[in-house]
Amino acid sequence: MNQIKIAVIGVKGLPAQQGGIERYCQEVYPRIAQKGCKVDLYARGSYTQSSKMISYSQGVRVISLPSLPLKGFDALINSLLATIIAVFGNYDIIHIHALGPALWCWIGKFFSQAKIVVTCHGLDWQRAKWGKLSSRLIRFGEKMAVICSDEIIVVSQFLQKYFWETYNKPTYYIPTAPAPFVPYDSQPTHLQSLCLKPKKYILFLGRLVPEKRPDLLIRAFQCLPHQDWKLVLAGGHSDTEDYYLQLKQAANYNPNICFTGEIKGALLSEMMREAGLFVLPSDVEGLPLVLLEAMQQGIPVLASNIAPHRQLIGNNRGLLFKKGNVKACVQALEMAIDNPTMLRELSKNAQQYVRQNHNWPDIVSKHLSIYGRSSNKGKRLPKYTLVEEDARF
């Protein structure tokens, strides 16, 4: 394959500090750069905090652009500026991540020779944190992706089915994969500082935003009779300070509910690996990286029964409960805590499934195939359409 020049837009920046898309790109693009491609990633200066406009992260050139602190519009403005600059960059591929930034893919389509690739990580217009105007703009970005992009990549079978049924649009299904955890001391020292016992706490890990429903998990936990278990909510809040205060009020100073804030590094590794149960009660997800990470570590998982969760844990790989239903969540939590042998079996199945179906070398290979097909600098591949729910690339 000849060298392909790629512009990446819609990512906050590298190295990844928080955010599923950023962690995804941190795994994918350095590997693509190692294959001989030239990768420019257009980032937000507010995220990278770099004094230089251009820096490098594992072979990826990171171009930090000015950001405006406007809630709901920072990503759109940054991606607009990045797309305009990329038009003049003589790129083979302009790869846009997320539906909001895809609003501007028509600019790349009509004002450059580059092929436009859009990755949909989730139906972001459904997320509760966005106001009506922001949601409408993101939904319009989805339509622009369908009309103007040369290829669309989706990270879950649910999303592939959605684009086919909604727009009769064929897409490529390329899932995400779990990122590796850093090593940590075999003695759980961080847990001790938080008064947590290994395998005796329920872990929620992610941004504390309405669509992930940590409020539902708090209410369900308050109903549990198991006083020797604790609930840990690990994550920061993204433009949702009022909602975070509501969560604190819902916890009502319960000593068995712990808010850690955003965690990373050794603390993240320890917190995940020592959890007795990982719970993700979300109403909206693409294909949650954090759930895959828990499955990879052999941690028992419980999640709401939305389509992406059913894809990952629906076949004897974890427990599901009805989305948005507190009573169903309570019953599932009780079943999980009362049946440790069953959970161990489910977690083994989940771990094996992740190893077989979600790995970065395969993901990178599929990206390179699409880039080569689109740019005519690599092997041409047939285009796949969805013929059944488990259609694969």
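The values are calculated or read from the model by the stated rules, or taken from the named source; none is laboratory data. These numbers come from a predicted model, not from an experiment. Ideal geometry is used to build each Cβ from the backbone, glycine not excepted, and the neighbour counts take in all protein chains shown.
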statement: Scanning region 122-141 residue by residue, those surrounded by fewer than 23 Cβ atoms within 10 Å (Cβ to Cβ) and in contact (Cβ under 8 Å) with a residue 40 or more places away in the chain turn out to be 123, 126, 127, 128, 129, 130, 131, 133, 134, 137, 139
field: Search result, residues across region 145-175 that are among the aliphatic types (A, V, I, L, M), in a helix (DSSP H, G or I) and either under 22 Å from the mean Cα position of the chain (by Cα) or closer than 16 Å to residue 308 by Cβ (or both)
entry: 145, 146, 159
query: Do we have residue 152 as under 30 Å from residue 113 (Cβ atoms), crowded, with 21+ Cβ neighbours inside 10 Å and free of Cβ contacts under 8 Å to residues at least 60 places away in the same chain here?
result: yes
statement: Of the conditions (1) at pLDDT below 95; (2) surrounded by fewer than 18 Cβ atoms within 10 Å (Cβ to Cβ); (3) within 24 Å of residue 24 (Cα to Cα), the single one that residue 352 does not satisfy is (1)
- prompt: Which is more than 13 Å from residue 9 (Cα to Cα) and within 21 Å of the chain's Cα centre (by Cα), of 99, 133, 137?
  reply: 137
task: Mind listing just one residue for me: the one in region 189-244 that is closer than 22 Å to residue 265 by Cβ, in contact with a helix residue (DSSP H, G or I) (Cβ under 9 Å, 6 or more places away or on another chain) and among the hydroxyl-bearing types (Ser, Thr, Tyr) and, of those, modelled with the highest pLDDT?
output: 201
field: Which numbered condition residue 328 fails, given (1) touching a Phe, Trp or Tyr at 6+ places or on another chain (Cβ under 7 Å); (2) surrounded by fewer than 20 Cβ atoms within 10 Å (Cβ to Cβ); (3) touching a residue at least 12 places away in the same chain (Cβ under 8 Å)
entry: (3)
field: From the options 272, 295, 342, residue that is out of contact with any Ser or Thr (no Cβ under 6 Å at 6 or more places or on another chain), free of Cβ contacts under 8 Å to residues at least 12 places away in the same chain and in a helix (DSSP H, G or I)
entry: 342
